[in-house]
Every structure is written in C-alpha cells, then in structure tokens.
Amino acid sequence: VIVGGVHVGKTLLVKRIIGGLLGGVANAAPYLLGDENQFTSDLFASPVWMVDDATPAADPRKKARYTAMLKKLSADTTFKYEKKYKESITTEWAGRIIVTLNGDPTSLENLPSIESSNLDKTIMLRCADSVISFPPNDVLEPMIEKELAAFGAWLLDWQPPVGIVAGTRYGVISYHDDFIKESAAN
C-alpha cells in the first residue's frame, strides 16, 4: 500500500517504473471489488496488479471481499485462469498487488482492513505530501525509457540492508507506516 498526497508520483511509480521493470501492470480493482464478472486472463498475464484509488469503503461487503482478496492473492499462488471462449484452468501466479491511495480521510477509508493474519502480508508506505513538479509527459516519458534499464541493472546489483531481509516466504520484513496502520485500524 502506498499512501500520499495528490501529484506526488504514486501512479507514475507503479505504472511506469515498477510495471516497466517487471513486465506490465493490470488494473485489478474491478476483480478485487467484485464489480464485474471478468475474465482473469489479462490479470494473470501481468506480474503487477494495481488498485489505484478504489472505493470499497461505501459497501461493507465490498470492503470485506477486497480485504479477503488482497490476503488470498498475497498468500496463495494457485488461481483460476479464465479466458473468453476457453475452458477455465488453474494457474500459478506469484505477482504483487500495489494499492495506491491519497492521504485524505475519505481515501484512507479505503485501506484494506488490518488484522493480525494479514499484517505479515502487507507493506504500507507513506509518501511525502509535497507536490512534485514533474516535467511534461513529452519530456518525462523519454527520460524514463532512457534510464529504466540502467536503473533495473543497478537494482539487480543492489544489496538490501540487513535489517529488512527476512527468512519468511516474502523475503523481506513487513513494514507499516504508523499513520497508515492507525488509519486502517479505525
């Protein structure tokens, strides 16, 4: 979960940087919220699923489904793969889900419910609230294209700090920004 102010780069980070490095991003909000009976082939073809400012809070059943689906998708690796006009099959998927939310009280109502059984499966980060002045898209997009491969190579060689590496099935310890964790608990 990434929480921060408007225009701080949350969606840019997920779609262009993380998605660009890992092979794409799919919009998972309708599937996680149960808003549509959709075929899942496009989702399971993508290693990163994004939920960008989704709104399950208004409906308690949607919020419960949303939280349960986030937990299941973080913990399980076997899922039903459905493609139009094809028989459904079981597939393995070990991707990641990134939820982005603005930091205002209304948006924070859409945090997944926090309970002891899903804390180890989540990381909750907060961005600085100051607005970032990004270059126009016709300048920014070529910059990202030019630098992304080098950034990816740097990441492959980077050694994470000892304090964040864990022997768990997720490889890193879970981190929860206190403000976000408190907001999710309310």
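The values are calculated or read from the model by the stated rules, or taken from the named source; none is laboratory data. Model, not experiment: these values are computed from the prediction. FYI the Cβ positions are ideal-geometry reconstructions off the backbone, even for glycines, and counts take in every protein chain you see. Note: areas computed on protein heavy atoms with side chains; ligands, DNA, RNA excluded. Shrake-Rupley method; radii C 1.70, N 1.55, O 1.52, S 1.80 Å.
A few points about this structure:
- Restricting attention to region 87-121, the residues being modelled with pLDDT under 80, outside any loop (DSSP other than H, G, I, E, B) and open to solvent by 30 Å² or more (accessible area, probe 1.4 Å) number 4.
- Scan of region 7-45 for residues that are of a type in the set (Gly, Ala, Ser), open to solvent by 10 Å² or more (accessible area, probe 1.4 Å) and part of a loop (DSSP other than H, G, I, E, B), ordered by number: Gly9, Gly23, Gly24, Gly34, Ala45
- Any hit, region 13-36, residues being free of Cβ contacts under 8 Å to residues at least 24 places away in the same chain, among the polar types (S, T, N, Q) and touching an Asp or Glu at 6+ places or on another chain (Cβ under 9 Å): no
- Cβ pairs under 7 Å, 6+ apart, first in region 171-186 and touching a residue at least 24 places away in the same chain (Cβ under 8 Å) and under 10 Å from Thr122 (Cα atoms), second open to solvent by 30 Å² or more (accessible area, probe 1.4 Å) and among the acidic types (Asp, Glu): Ser174/Asp120
- Restricting the first member to region 57-71 and to residues that are without any contact (Cβ under 8 Å) to a residue 60 or more places away in the chain and of a type in the set (Lys, Arg), and the second to residues that are open to solvent by less than 30 Å² (accessible area, probe 1.4 Å) and in a loop (DSSP other than H, G, I, E, B), the beta-carbon pairs closer than 7 Å and six or more apart or on different chains are Lys62/Pro56; Lys63/Pro56.
- Residues (open to solvent by 60 Å² or more (accessible area, probe 1.4 Å) and not in a loop (DSSP other than H, G, I, E, B)) located in region 66-77: Lys71, Lys72
- Residue count for region 122-145, restricted to those that are surrounded by fewer than 11 Cβ atoms within 10 Å (Cβ to Cβ) and of a type in the set (D, E, K, R): 1
- If you go through region 146-184 and keep only what is part of a loop (DSSP other than H, G, I, E, B) and either exposed (fewer than 10 other Cβ atoms within 10 Å of the Cβ) or not hydroxyl-bearing (Ser, Thr, Tyr) (or both), you end up with Trp158, Gln159, Pro160, Pro161, Ala166, Gly167, Arg169, Gly171, Ile173, Asp177.
- Listed conditions (1) exposed (fewer than 11 other Cβ atoms within 10 Å of the Cβ); (2) part of a loop (DSSP other than H, G, I, E, B) are all met by Thr55, apart from (1).
- Every residue from region 130-170 that is without any contact (Cβ under 8 Å) to a residue 12 or more places away in the chain and among the polar types (S, T, N, Q): Ser133, Asn137, Gln159
Residue by residue, here is whether (1) charged (D, E, K, R); (2) at pLDDT 80 or above; (3) over 25 Å from Ser113 (Cα atoms) holds:
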| site | (1), (2), (3) |
| --- | --- |
| Thr11 | no, yes, no |
| Phe44 | no, yes, no |
| Val48 | no, yes, no |
| Asp52 | yes, yes, no |
| Thr55 | no, no, no |
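- Residues of region 1-41 that are within 18 Å of Thr78 (Cα to Cα) and in contact with a Lys or Arg (Cβ under 9 Å, 6 or more places away or on another chain): Leu32, Phe39, Thr40, Ser41.
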